[in-house]
1. As a check on your grasp of the helix formula, calculate [θ] at 222 nm for chain A: sum -39500 (n - 2.57) over DSSP H runs of n ≥ 4, divide by the residue count, round to the nearest 500.
2. May I ask for the percentage of alpha-carbon pairs in region B:735-888 that lie more than 21 Å from each other?
3. Can you give the accessible area of residue B:282, probe radius 1.4 Å, in Å² rounded to 10?
4. Taking the Cα centre of region B:2-401 as the origin and placing charges on Cβ (Lys, Arg +1; Asp, Glu -1), which of B:202, B:167, B:267 is farthest toward the positive end of the dipole?
5. How fast does region B:646-726 diffuse by Stokes-Einstein, in µm²/s, taking the Kirkwood radius from C-alpha pairs at 4 °C and 1.567 mPa s?
6. By how many nm would the segment from residue B:658 to residue B:85 lengthen if fully extended, with 0.36 nm per residue of separation less the alpha-carbon distance?
7. Let me know the shape class of chain A, please: from the alpha-carbon gyration tensor, a ≥ b ≥ c as square roots of the eigenvalues, rounded when a/c is under 1.5, otherwise prolate if a/b is greater than b/c, or oblate.
8. Kindly flag which residue pairs out of B:658/B:796; B:658/B:837; B:666/B:704; B:111/B:199; A:3/B:704; A:41/B:666 have an alpha-carbon separation exceeding 31 Å in this structure.
Amino acid sequence: MSKRVMLIEDEPNIIEAISFILSREGLSVETHSDGTTANDKLRASTPDLLILDVMLPGKSGYDILRELREEAGTADLPVLMLTARGQSRDREMAERAGVSAFMTKPFSNTEMLEQVRALMAETS
Amino acid sequence: MLNTLVFVGSAYALFLFAVAFAAERAAMRGQARWLRSPIVYTLSLSIYCTAWTFYGAVGSAVRSGFEYLTIYLGPSLVLIGWWWILRKLVRIGRSQRITSVADLISSRYGKSNLLAVGVTILAVVGTTPYIALQLQSVTLSFEVFGVGDIATGEEQGHTALWVAAGLALFTVIFGTRNLDANERHNGVVMAIAVEAVVKLAALLAVGVFVVWGLSGGVSGTLEKIDASSLGQWQIDGGRWVGLMMLSAAAFLCLPRIFQVLVVENENETHLRTASWAFPLYLGLMSLFVVPIAVIGLEMLPEGSNPDLFVLTVPLSQGRDGLAVLSFLGGFSSATSMVIVAAIALSTMVSNHVVMPLWLRYAGGGAKVSGDVRGVVLLARRLSIIGVVMLGYLYYRLSGGGAALASIGLVSFAGLAQILPAMLGGIFWRGASRLGALVGLTLGFGCWGYTLFLPSFGAGVFLPESWSTVGPFGIGWLRPHALFGIDAIDPLLHAVFWSLALNTGGFVLASLASFPGPLERLQGAQFVNVFEHSAAPRSWTGRVAQAEDLMIMAQRILGARDAQRLFEREARRQGMAGTLPAPTPNFLETLERELAGSVGAATAHAMVGQIVGGMSVSVEDLMAVADETAQLMEYSARLEAQSQELARTAAQLREANAKLTRLSVQKDAFLSQISHELRTPMTSIRAFSEILRDTTGLAPEDQHKYSSIIHDEAIRLTRLLDDLLDLSVLENGQVNLNLREGLLSDVLDRAVAAAAADEHGARLRISRDPAAEQVWLNTDLDRLSQVFINLVANARKYCDAARPALEIRVHSSDRLVIDFVDNGTGISPEAQDVIFEKFSRVSDQKAGGAGLGLAICRQIVTRLGGEISYLKGQGGAAFRVVLPADIAMAAE
């Protein structure tokens, strides 16, 4: 059974790019573009990895992450956070919220894949 | 005959008014020099010679021989031998602006109001018999002309009342024209000088008539004198010396003499002339007293009143004209005395009794509303009437039958009680307020008991038994035989005991008490008046409210005089404007000026009230005051500096806050830009790597991904364009390209451009072509850019099933273009920020960076108009308003 990755991102082109890259590696990808319903979706079927954007309509990536960490089912879920705001302050906020890995946009596809693999290897 | 006298008297009074009026006019025109000659000064001193001298001297000669001379010798002694006392008094009076005897004593003993009140009471009581004397003599002189009738007491009373009322009215009109008692009464002094001439001329005329008309020359007269009883009078040495000293003392203490001698003195050197001229005047006045007395005794029936010989001798010879002249002389003597005495006393009463009471009880003290001048003048007028009426009362109570000279001596003895405090005050620095109080009280009490009260006659005030067996049977307390000494004359007895107790009490109490600082200071000022020409510095460097002082001074001195005084001082201090700094010097000057109107103690109290505190500093403390002033100046400077610092700090804080705000804005802006740039770049990089690294990619995918890269690149370019555009607009570097064109054409272009830019979405646009026929003169391209933005927004964000946009145009005084769509509109929270950079109209992804409306706002502002969100239109609605000068109505 292939590993499942959930992507929460609001830019259609970026969704398309990431989906293509991960699918090519044999992973199954589920995407959502709205922050407000993200937690419900996660609770319904917990993936092996979450890729999370920071600037989302409705609810910021940090808030989604903080809520995940407070729930037992998702407290240890590996989360890779992507942000277009690459300042050090943003990285600190992400770490405080309990992020597993943090990458700034634009990213190298190879590096992104390596991160995804590394995060999923830890849990399995 | 009586009517003639009334007429003559009235005409004479009118004449005096004319003299006074002319003198005042001359003084105002600055021609007062001749008015203030030493001769006028000397003549004005003649108010010493009252009806007592004019009528009473002859009476006195008949009763007591040459004793009448003592009354003339006393003042002559003072003028010739004690002129240095006078000079000192005059100097003190001028340097301290003394207004009266009471003011002198009060000022000397630390500006004590208690003393001022005491001396005022003493002066009023002491002068009362004197005024009664004048009333009595004028009343008698009227009766002499009431041919044959023996006037009853009742009728006499009526006459005296009329005389009193007339004199009071005369004095009120005469004496209260000027408020400043220290200011010279030019008119009054001149009138008195004229009266002095009239009474001298009248007496000399009667004398000449008696000597050459009735006695056949000088030798004949001398024979008659030798033959008469006068030649046989034995001189009582003790009484002579006593009376001479008494009249000398009285000359210094009489309030009216003090008025002309000190207050009205223009120039100290006038004293030199007066020191010989006044004794000469007195000599002339006394020259024919004895001949008139002798002839009167010889020619008139037994029992005639000798006090009236001056009138009755000419009358008995049928010389009515001479008699009328003589009447005028007596009238002059009486009126001049009453006028000056009433002026002097009313000044004391109003300054030391009425004003302090008024200041205390009128509420708010010196700053109370209303004109103090009015109060002062009213107080003076009422005081004059009161003083004259007291004289009338004395006249009625004492029966009006006593010899004129004896009444006058009662008065002399009373007023002489001031002498110890006065002489002690100006020669002895150790004299203290307590000493003056004790001395005056003892002397005044003793005089009242031994002389004043008995003068009404036995049984009026004191029970008859008191003079025979003593009060409560205590023999040594009999009024005329204190301590059992009953061998001497009652007058001398009273003078001796009152002055002895007075002086003794004064000296002992002064030695026993310690004078306060102000007393010592004033004492030094008085005793060493010739060394100190400077005024005492009583006010320390307190900061007074110059304005309050000004208001007070205006009320007392009058607006013009007060302003002149303040302006002069301000000029002297080198300050602009009319309010000088209230320096101690100035306060002292002001106090002295005010003292001229309301007296030293009251002025001190008034200035004290405003300056805030009655405490005073002696000269030794002046250094401290200087230091205080320096400290205050220093602290004022420090305060100014610290205010300056505080201002600078506030400016710095403000600048800092602004910088912080700008920095925060800049960070937020950079962060936003970073996000907006990185997002398309992420897609571009990701897809370009996919295209590069993926082998065997389907051709349609290759095309799709290339298109995405292309679109994102265009998005990036547009974003950069917008950013540059906004930057140019915000910095005001934009050049407007003004052209003329129709609004409908601009809208056409905008709608077309917006439609071409977008694919797919259908937006129905409704317009009003007729209203759009407006000529514009503006930057048509920029305006078009705004319209494109608004139409494109509607196309992108209108969420209605069948999206529609209505463009409405109204032109009134301004051109209004509304863009209203039929969507759900913009939430109220978002409405406030949509024109800010990077604020997106909706959460919906539509590719905008949130700069469009910010650019629109910049452009419309540059064009001189405004753009706003229209609330309550259903859908999203924007309104562009352009000024009238851009729009030209369609032809």
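The values are calculated or read from the model by the stated rules, or taken from the named source; none is laboratory data. Being a predicted model, the structure only gives us computed values, none of them experimental. Here Cβ is always computed from backbone atoms with ideal geometry, including for glycine, and neighbour counts include all displayed protein chains. These accessible areas exclude ligands, DNA and RNA; they are computed on the full protein's heavy atoms, side chains included. Shrake-Rupley method; radii C 1.70, N 1.55, O 1.52, S 1.80 Å.
1. Values: 5 runs with 55 residues, N = 124.
Only helices count here, giving -13500 deg cm²/dmol.
2. Values: 4753 of 11781 pairs.
When all Cα pairs of region B:735-888 are counted, 40 percent exceed 21 Å.
3. For residue B:282, solvent-accessible area is about 0 Å².
4. So the residue furthest toward the plus end is B:267.
5. Values: Rh = 15.9 Å.
Translational diffusion coefficient: 81 µm²/s.
6. Details: separation 573, 0.36 × 573 = 206.28 nm, distance 8.15 nm.
Additional length available on full extension: 198.1 nm.
7. Numbers: a/c = 1.26, a/b = 1.08, b/c = 1.16.
Here chain A falls in the rounded category.
8. Details: B:658/B:796 37 Å; B:658/B:837 19 Å; B:666/B:704 38 Å; B:111/B:199 39 Å; A:3/B:704 27 Å; A:41/B:666 37 Å.
Violating the 31 Å limit, Cα to Cα: B:658/B:796; B:666/B:704; B:111/B:199; A:41/B:666.
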